[in-house]
Amino acid sequence: MSYRDALNIHELQAMAKRRLPNGVYGFVAGGVEDDHSLRNNRNVFERIRFRPRSPVDVSKRSQEVEIFGRKFACPFGVAPMGIAGMFQFDADLQLARAAARMQVPFTLSNMSTIPMETVAQSGGHARWLQAYMANNREQGAKFSQRASAAGYELLMITTDVPVQGNRENNFRNGFTLPLEIGPRLIFEGITHPRWSTTVFARTLMKYGVPRLENTDRADRPTILKQQEKDVRGRRDSVDWEFIRFMRDQWKKPLLVKGILHPADAELAVRYGLDGVIVSNHGGRQLDGSVSPIEVLPEIRAAVGKKLKLVMDSGIRRGTDIIKALALGADFILCGRAAMFGVAVGGADGAAHALQLLKAEVDRDLAQLGCPSIAELNLDFLDTRDLFYGHTWATESQAAKPLKAVV
């Protein structure tokens, strides 16, 4: 069955599950501990319902958006995903090409096995970059200089992984960092020969043992080494003073990723950031954490228009994207959806995943009676089952009547 036969992201996920070894698939699709956060990320979308307007002229509808100085064809892009090369050969390059084709941004993770310079030169995509950082100013300054020289336009620092989450499914499947070449991994390779030959063996032949090419050049670790500790600093000591330092180093748009509390969004404003990514890491860090969409209106109310709000976690449908935008997000990032596509079809598969979401957003806007992304607001939603009747009445979220409605 080809990726072209997939009618939605759920079907692409089912294909990826068959194609990938259990450990590799579990790494991208799994959550943490009892998967409460993972399940809740999806469940909250079902508790938000639409209130369409009709009749409305939607014949000239548009989903173009402008953010951080760029115009994009869709209100969503590709989220950063570490060690993507385990899911498809040169996955980061293929995701970048797919994003360029769809005219949306691709965000490279510094946990990539391909140098950021190579990815930056691979196509006409917007060059967004995400990084896990230890509280080490020398290292942060060097990373900033390297990223700027490579032409990256935006930097997001992930702050919700002070320590690695307890991802028990990875241990059950024999997938750990450091990666251990044991009987289970060998068995998975034998029982998934297409992945073994087209991804793993091909990567070894071209690059040798995979290395994290976007960490400190002085000590590029292989994926077989422990990543939790860094001899030059630790992630669990990163604080707002380090973010202030990085703000001074990076003169282009700077965001922090992993914000779930309005007070932290307010601090982002105070420290001069350009935006935050409202995210619970796809339900992969703290089990039982709120879903980003549950706190999105509160965060928007706290910061108003002073900060761009980007949201990720749990996005599988165009309706999910529309709901998040109506609740206050400026832009959406999709990680797993794009990864399932690239895993089963390379750049073409990733583009197919993005096209599915784009087509759903277009169709949903029409059925909602909303001509453009800019006109989405709370008036299109019924959120009583999610917010228990609370009304969010900020200037940025207040219901605005459509021009076609008198």
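Key figures for this structure:
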read-out: Sites Lys142 and Lys252, calculated FRET efficiency, Cβ-Cβ separation with R0 25 Å, nearest 0.05; value: 0.90
read-out: Segments 133-139, 26-32 sorted - mean Cβ within 10 Å per residue, highest first; value: 26-32, 133-139
read-out: Relative counts (whole %) of C-alpha pair distances in segment 253-369, using bins that are 10 Å wide; value: 14, 40, 33, 13, 1
read-out: Of Gly26, Val269, Ala338, farthest towards positive along the dipole that unit charges on Lys, Arg, Asp, Glu beta carbons give segment 3-387; value: Ala338
read-out: Two-site label geometry, Asp239 and Tyr271: point separation in nm, points 7 Å out along Cα→Cβ; value: 1.1
read-out: Check: segment 3-387 dipole with +1 on Lys, Arg Cβ and -1 on Asp, Glu Cβ, in debye; value: 700
read-out: Radius of gyration and Dmax over the Cα atoms of segment 90-182, both given in Å; value: 15.4, 42
read-out: Cβ-based charge dipole, the chain, positive-most Cα from Ala96, Gly82, Trp128; value: Ala96
read-out: Cα-derived Rg to Rh of segment 117-167, Kirkwood definition; value: 1.04
read-out: Greater than 23 Å apart at Cα, pairs in Lys306/Lys358; Lys71/Lys142; Lys60/Lys252; Lys71/Lys323; Lys257/Lys323; Lys60/Lys306; value: Lys306/Lys358; Lys71/Lys142; Lys60/Lys252; Lys60/Lys306
read-out: Sequence-separation-based contact order of segment 3-387, relative, with Cα cut under 8 Å and 6+ spacing, percent; value: 29
read-out: Whole-Å semi-axes of segment 309-351's equivalent ellipsoid (Cα gyration tensor); value: 23, 9, 8
read-out: Top positive-direction residue, dipole computed over the chain with Cβ charges, set Phe200, Leu325, Leu185; value: Phe200
read-out: Using alpha-carbon coordinates, inclination of helix 137-149 to the longest axis of the chain, degrees; value: 70
read-out: Semi-axes of the equivalent ellipsoid for the chain, Cα gyration tensor, largest first, Å; value: 33, 25, 20
read-out: Zone of Arg53's modelled label, taken as backbone nitrogen in segment 344-365 under 15 Å from a point 7 Å along Cα→Cβ; value: 365
read-out: Where labels lie 7 Å past Cα in the beta-carbon direction, separation of Arg4 and Ala73 in nm; value: 1.8
read-out: Test item: Cα-centred dipole of segment 95-147, Lys/Arg +1 and Asp/Glu -1 on Cβ, debye; value: 80
read-out: Segment 3-387 - share of DSSP beta bridges that are antiparallel (%, nearest 5); value: 20
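The numbers here are math on the coordinates, done by the rules we state, and not lab data. The structure presented is a predicted model; accordingly, all values stated were derived computationally and were not measured. A quick note on method: Cβ atoms are made from the backbone with ideal geometry, for glycine too, and the neighbour counts reach across all protein chains shown.
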